[in-house]
1. I'd like the full set of residues that are open to solvent by 20 Å² or more (accessible area, probe 1.4 Å) and touching a residue at least 12 places away in the same chain (Cβ under 8 Å), limited to the stretch 167-190.
2. Among the listed residues 155, 107, which satisfies the condition of being among the charged types (D, E, K, R) and out of contact with any helix residue (DSSP H, G or I) (no Cβ under 6 Å at 6 or more places or on another chain)?
3. Which of (1) within 19 Å of residue 18 (Cβ to Cβ); (2) assigned to a loop (DSSP other than H, G, I, E, B); (3) open to solvent by 30 Å² or more (accessible area, probe 1.4 Å) is the odd one out, the single condition residue 43 does not satisfy?
4. Got a number for residues in the stretch 80-109 being in contact with a Ser or Thr (Cβ under 8 Å, 6 or more places away or on another chain) and in a strand (DSSP E or B)?
Amino acid sequence: MQSPELNAFDYAEESARLSDEKGRIARLAAGLIEDGQTVILDGGSTVAAVAKELAAKSLHIVTKLASHCRRTGIGPHIELTLTGGYLDPRRRVMLGTFCEQMLSAIRADAVIMGIGSISEAGFSNNNTLVVGSEKKMVEIADKVIIVADRTKFGRGGMFPVAPLNAADIVVSDRDLASGYVDLLRRNGIEVILA
């Protein structure tokens, strides 16, 4: 019998939570990406929704999430590079040293990143393997786009990923509290509400 901790993260449940908001966030985030760009797609249910919205564009996508292959409807106009690494069966994302080494070897026009939590302290997450690859993505992307629904704000993550000013754009839902919008803007971040 598995411990309750092992079942704490349910990808299907996370994908269904606030699905309308995530769909709107995804459409706006995908609109920030231009044909011909190299884009890193992080893991997470909101980024998975963005992947689907990018299907009609001509891009090189780098991802650590195998399911992005299906969501983007891989065709001749999408080139796809998978990072490799350890496949976390609960999060359905590749993590670890091999993933980080591969990311270290490239640069990208943009990263579209989900995040565990956003607070005055910055962006954070609760899984050290996730944090390692997210830190690397922030380092190698010319533009950092965070996609996060309102429930990600004000929560404290255990491990820091980056300070707030590391992000260029945050796309969230229109029910995000105005105090968080002001916080992001004070840190030089463009805020787009879906």
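The values are calculated or read from the model by the stated rules, or taken from the named source; none is laboratory data. Just so it is clear, the structure is predicted and the values come from calculations on it, not from any experiment. Methodologically, a virtual Cβ is constructed for each residue, glycine included, from the backbone with ideal geometry; neighbour enumeration extends over all protein chains shown. Each accessible area value is taken on the protein alone, full model and side chains, heavy atoms only, with ligands, DNA and RNA left out. Shrake-Rupley method; radii C 1.70, N 1.55, O 1.52, S 1.80 Å.
1. Once the filter is applied, which keeps residues that are open to solvent by 20 Å² or more (accessible area, probe 1.4 Å) and touching a residue at least 12 places away in the same chain (Cβ under 8 Å), the stretch 167-190 yields 168, 174, 175, 177, 180, 187, 188, 190.
2. 155
3. For residue 43, the failing item is (3).
4. Of the residues in that region, 7 qualify.
Yes/no matrix, rows are residues, columns are (1) of a type in the set (S, T, N, Q); (2) at pLDDT below 95; (3) touching a strand residue (DSSP E or B) at 6+ places or on another chain (Cβ under 7 Å); (4) open to solvent by 30 Å² or more (accessible area, probe 1.4 Å):
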{"site": "31", "(1), (2), (3), (4)": "no, no, no, yes"}
{"site": "34", "(1), (2), (3), (4)": "no, no, no, yes"}
{"site": "39", "(1), (2), (3), (4)": "no, no, yes, no"}
{"site": "53", "(1), (2), (3), (4)": "no, yes, no, yes"}
{"site": "57", "(1), (2), (3), (4)": "no, yes, no, yes"}
{"site": "60", "(1), (2), (3), (4)": "no, no, yes, yes"}
{"site": "65", "(1), (2), (3), (4)": "no, yes, yes, no"}
{"site": "69", "(1), (2), (3), (4)": "no, yes, yes, yes"}
